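The block underneath contains the structure these notes are about, expressed in structure tokens.
The values are calculated or read from the model by the stated rules, or taken from the named source; none is laboratory data. Quantities reported herein were computed from a predicted structural model and do not represent experimental measurements. Here the Cβ is made from the backbone with ideal geometry for all residues, glycine too, and neighbour counts use every protein chain on show. When the accessible area is computed, the model is the full protein with side chains, heavy atoms only, and any ligands, DNA or RNA have been set aside. Shrake-Rupley method; radii C 1.70, N 1.55, O 1.52, S 1.80 Å.
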Amino acid sequence: MLADSDGPETGPGILDGVRILDCSRGMAGPLATLLLAEAGADVVKLESPQGDPVRLLPGFATWNRSKRGMVLDLAQPEGRARFEALLPRVDVVVHDFSAVTGKRLGLDRDSLKSRAPGLVVCRVGAFPTGHPDADRSAWDPLVLARLGILDEQRGHRPGPVYLRFPLGSLGAAYLAAAGIVARLLVRVRTGGGGLVSTSLAQGALLPMMMHWFRAERPTEGLSRGMPKDRAVTLFECSDGIWIHIMQAPDATPLMLAAFAAMGPVAMAAANARMPAHPLCPNQGANAAAFLQRPSAEWLTHLWEHDIPAQAVAPFGSAYFDDQVRANGYAVEICDPGWGSTWQAGPPLHTDPPSRVRGPAPTLGQHTEEVLAEYSRPGPPRPAATRLGAHPLEEGNGGAAPLHGLRVVDLGSYLAGPLGPMLLADLGADVVKVEPPSGDAMRWNEASFEGCQRGKRSLVLDLRDPGQRPLLERLVASADVVHHNIRLPAATRIGVDPASLRAINPDLVFCHVSSYGPRGPRADWPGYDQLFQSITGWESEAAGRDNPPMWHRFGMMDHQAASASVVATLLALYHRERTGQGQDVAASLLGAAVMSMSVALGRPDGTVEGAGRVDHLQTGVGPATRLYPTTDGWVSVLACRPDGVEALCSAFGTTGPEALPARFGALTQSECLEVLARTGIAAEPVRLDQRTAFFDSPDNRSCRLTVAYHHATYGRMEQIGAFWDFDDLPLQLDRASPAIGQHSAEIIASLEPAD
């Protein structure tokens, strides 16, 4: 059922007939609506006469393709009147307006009830709706600084580092897309629309779940977590290219030969120069051996011996990778501004497939067309009606968005189980199936806790034929089965799509792979680290002339899992409208390539938009940079055309080279006061925020933090809500389960075998 996703398409998609008005700017909102546009929605990008502030950046071409464009001046009465006239004709509005502006435009709850009760409105801000920081500038360098995330990555010098990776925007984009589709599912159920919101802060906090938590009775393993100074298995080869490996290479012939040539004394001396790593007990000797041969020779040898490894590639070079193109993760687009480009393609697979519909529109390209189309006589856009034979529970009654759905989670590690956790947050009954020994990630307690809350655990050995009847009863009761078992192994144990569909033809089956469902590497094993390498993020973020740097956020796992949630929700929406289940998929490679969408590939193999962080890892230029002060750091984002000049004028310098000294002579507060007077966006870089995050009453009040009882750790505090559905609750009341904690109650709830 996995159809091609590359090339133009005019046929209907899953969201065919859904109209979306995208009023958001930057990356997060536009990327969310891109996912929905290529799933079939008609998305109109609404801009001011000045245009989206990132319109000239390469990423704009990707985030806004497959849409139509129109201009309205919402600062003027005529523009607001035209905007309000559009609302009854659309299904979804996506925006990043402040609370005051949103109310003035009729996008608040009270206005919607009276004027557009079927409308779904999604806000993507800096911080959650209702938080004191909700209306601050929603740009990654600022949000991550204020949140305390820049202090969570160990760089090549002491102190916080500038994160080139748009952690908040990418996370928020998937959360927004998922929230919108969940709201559309509720609308199918009830006929009514409503609000959903998320933020860059929540997008960035998703990977922080495995780092930020507080337990009443933490074990040593939970307390240890994944420290900032954890050693990384990156090795330089004789050609200067680094490779990242995820399994000890010590038993391979080339490494054994290198060890033999060293001899025990030299090998011991090499190991003494580097700390041992859980994956590589002979890390020092490995490092010496890798320096003896070129990267291509090492990679070929490692792959032949089933050692997961990848070279640290130049940023953006993955656009030209055969595996990427085989899965449609890179698409060739002729953009009106950039010409012939390679762009990040849809990161998920559904049926009907996601399709690219055309390049990003020029400013106001379709204004008259859209206004004429939406002003034609006719009734307002109706709420969707259920056509399928698999209704969700009638009448929502204040239940969570996915209340009444059952998800069977057969996955392990992180990229598999995280998606079902988010579905549990949305109200689904998630049954986590584990072998008697437990999920393989349970040994890493902090990471395990970051992707397992809200589930019930059932012990079931998938390899035991005697337990097959129990699995079949469970699958027969499910709406969704989700896992990341490699498909050859899944087929051997009967949890492949065909086997599961024979049990339950109406099932939505979601698979998360490493390299995508097609191509020569389709069944290869993969890890987050390898996809940070493939895409070049390890070199892009490390700073000029520095060794590559792995991001400890594990964000490729989180991106892939989030894409799988969007794919699953789209499939459920399709099932509601057609009665048909289907197979959907996401992958680490697809999500990793989408994270490169800040840049464009050129036909000659070059990349537009790649740019290295400076050697000290403080930023990408004087206008987008972290500056040390006498008592802390300040993150500055002077992104307007005269930003550098304005920054220099504010601090009384004739050139940007003098700015570090001017900042360094003032306190953090003094610098922020100077910048505020000039109208330049800036935030304090907060440090050591984990405890402060859980102590904050503001975070508790908007459920950014939640607490519940854990069977082992007692009172467990974790990062909480990733969405706010206004009148609909989230399900955030259950800690991660102990192994088999709910086996008896789950088995008792299943229909008996025929």
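Taking the criterion of being touching an Asp or Glu at 6+ places or on another chain (Cβ under 9 Å), more than 22 Å from Asp151 (Cβ to Cβ) and hydrophobic (A, V, I, L, M, F, W, C), the only residue of the stretch 604-637 that qualifies is Ala610. Scan the stretch 669-714 for residues that are more than 23 Å from Leu730 (Cα to Cα) and either free of Cβ contacts under 8 Å to residues at least 40 places away in the same chain or touching a Ser or Thr at 6+ places or on another chain (Cβ under 6 Å) (or both) and the total you get is 12. If I filter the stretch 321-329 for residues that are more than 30 Å from Leu34 (Cβ to Cβ) and either outside any helix (DSSP H, G or I) or in contact (Cβ under 8 Å) with a residue 24 or more places away in the chain (or both), do I get at least one hit? Checking the stretch 321-329: not a single residue is more than 30 Å from Leu34 (Cβ to Cβ) and either outside any helix (DSSP H, G or I) or in contact (Cβ under 8 Å) with a residue 24 or more places away in the chain (or both). The set of residues from the stretch 341-368 being open to solvent by 50 Å² or more (accessible area, probe 1.4 Å) and either closer than 17 Å to Val598 by Cα or aliphatic (A, V, I, L, M) (or both) comprises Pro359, Leu363.
Regarding the stretch 116-126, can at least one residue be identified that is under 14 Å from Arg686 (Cα atoms) and open to solvent by 20 Å² or more (accessible area, probe 1.4 Å)? Checking the stretch 116-126: not a single residue is under 14 Å from Arg686 (Cα atoms) and open to solvent by 20 Å² or more (accessible area, probe 1.4 Å). Within the stretch 542-558, not a single residue is surrounded by fewer than 24 Cβ atoms within 10 Å (Cβ to Cβ), in contact with a Lys or Arg (Cβ under 8 Å, 6 or more places away or on another chain) and under 15 Å from Arg486 (Cα atoms). Where strands (runs of 3 or more DSSP E) fall entirely within the stretch 24-113, those with at least 1 residues that are charged (D, E, K, R), within 20 Å of Ala173 (Cβ to Cβ) and out of contact with any Phe, Trp or Tyr (no Cβ under 6 Å at 6 or more places or on another chain) are at 42-47, 68-71.
Return the residues of the stretch 589-609 that are open to solvent by 10 Å² or more (accessible area, probe 1.4 Å) and not in a loop (DSSP other than H, G, I, E, B); say none if nothing qualifies.
Val598, Val607, Glu608 - these are the residues of the stretch 589-609 that are open to solvent by 10 Å² or more (accessible area, probe 1.4 Å) and not in a loop (DSSP other than H, G, I, E, B).
Considering the stretch 87-112, and only residues there that are over 19 Å from Gly29 (Cα atoms) and in contact with a strand residue (DSSP E or B) (Cβ under 8 Å, 6 or more places away or on another chain), the residue that is most open to solvent (accessible area, probe 1.4 Å) turns out to be Arg109. None of Asp528, Asp506 is acidic (Asp, Glu) and touching a His at 6+ places or on another chain (Cβ under 6 Å) except Asp506. The residues of the stretch 469-498 that are in contact with a strand residue (DSSP E or B) (Cβ under 8 Å, 6 or more places away or on another chain), closer than 26 Å to Gly404 by Cβ and not in a loop (DSSP other than H, G, I, E, B), listed by number, are Leu471, Leu474, Val475, Val480, Val481, His482, His483, Pro497.
Selection of the stretch 265-292 for residues being in a loop (DSSP other than H, G, I, E, B), open to solvent by 20 Å² or more (accessible area, probe 1.4 Å) and under 16 Å from Leu234 (Cβ atoms) yields Arg273, Met274, Pro275, Ala276, Pro278, Leu279, Asn282, Leu291.
Restricting the first member to the stretch 229-257 and to residues that are under 19 Å from Val312 (Cα atoms), and the second to residues that are of a type in the set (Phe, Trp, Tyr) and open to solvent by 60 Å² or more (accessible area, probe 1.4 Å), the beta-carbon pairs closer than 9 Å and six or more apart or on different chains are Leu234/Trp242; Phe235/Trp242; Glu236/Trp242; His244/Tyr527; Met246/Tyr527. Check whether at least one residue in the stretch 568-582 is closer than 23 Å to Arg65 by Cβ, open to solvent by 10 Å² or more (accessible area, probe 1.4 Å) and β-branched (Val, Ile, Thr), and report yes or no. No, because not a single residue in the stretch 568-582 is closer than 23 Å to Arg65 by Cβ, open to solvent by 10 Å² or more (accessible area, probe 1.4 Å) and β-branched (Val, Ile, Thr).
Considering Thr578, Thr618, Thr629, Thr624, the condition of being touching a residue at least 12 places away in the same chain (Cβ under 8 Å), hydroxyl-bearing (Ser, Thr, Tyr) and within 26 Å of Glu38 (Cβ to Cβ) is satisfied by Thr578 alone.
No other residue among Gly519, Gly466 is part of a loop (DSSP other than H, G, I, E, B), of a type outside the set (A, V, I, L, M) and either modelled with pLDDT under 95 or surrounded by fewer than 19 Cβ atoms within 10 Å (Cβ to Cβ) (or both) apart from Gly519.
Could you check, for the stretch 205-214, whether at least one of its residues is more than 30 Å from Leu348 (Cβ to Cβ) and either in contact with a strand residue (DSSP E or B) (Cβ under 6 Å, 6 or more places away or on another chain) or touching a residue at least 60 places away in the same chain (Cβ under 8 Å) (or both)? The answer is yes, given that some residue of the stretch 205-214 is more than 30 Å from Leu348 (Cβ to Cβ) and either in contact with a strand residue (DSSP E or B) (Cβ under 6 Å, 6 or more places away or on another chain) or touching a residue at least 60 places away in the same chain (Cβ under 8 Å) (or both).
Only one entry in Asp16, Asp42 is open to solvent by 10 Å² or more (accessible area, probe 1.4 Å), out of contact with any Leu (no Cβ under 9 Å at 6 or more places or on another chain), within 17 Å of Arg577 (Cβ to Cβ) and among the acidic types (Asp, Glu), namely Asp16.
Counting the residues of the stretch 135-152 that are in contact (Cβ under 8 Å) with a residue 40 or more places away in the chain and open to solvent by 10 Å² or more (accessible area, probe 1.4 Å) gives 10. Pairs linking a residue in the stretch 269-280 that is in contact (Cβ under 8 Å) with a residue 40 or more places away in the chain to a residue that is open to solvent by 70 Å² or more (accessible area, probe 1.4 Å), with Cβ atoms under 7 Å and 6 or more positions apart or on different chains, are Leu279/Gln247. Suppose we filter Ala489, Ala476 for residues that are open to solvent by less than 40 Å² (accessible area, probe 1.4 Å), farther than 19 Å from Asp351 by Cβ and not acidic (Asp, Glu); which single one remains? Just one listed residue meets the conditions, Ala489.
No other residue among Ser477, Ser437 is among the polar types (S, T, N, Q), more than 22 Å from the chain's Cα centre (by Cα) and at pLDDT below 95 apart from Ser437.
The set of residues in the stretch 417-435 being under 14 Å from Val566 (Cα atoms) and part of a loop (DSSP other than H, G, I, E, B) consists of Leu426 alone.
A single entry from Ile739, Ile746, Ile719 fulfils the requirement of being under 30 Å from Cys639 (Cβ atoms), among the β-branched types (Val, Ile, Thr) and at pLDDT 95 or above: Ile719.
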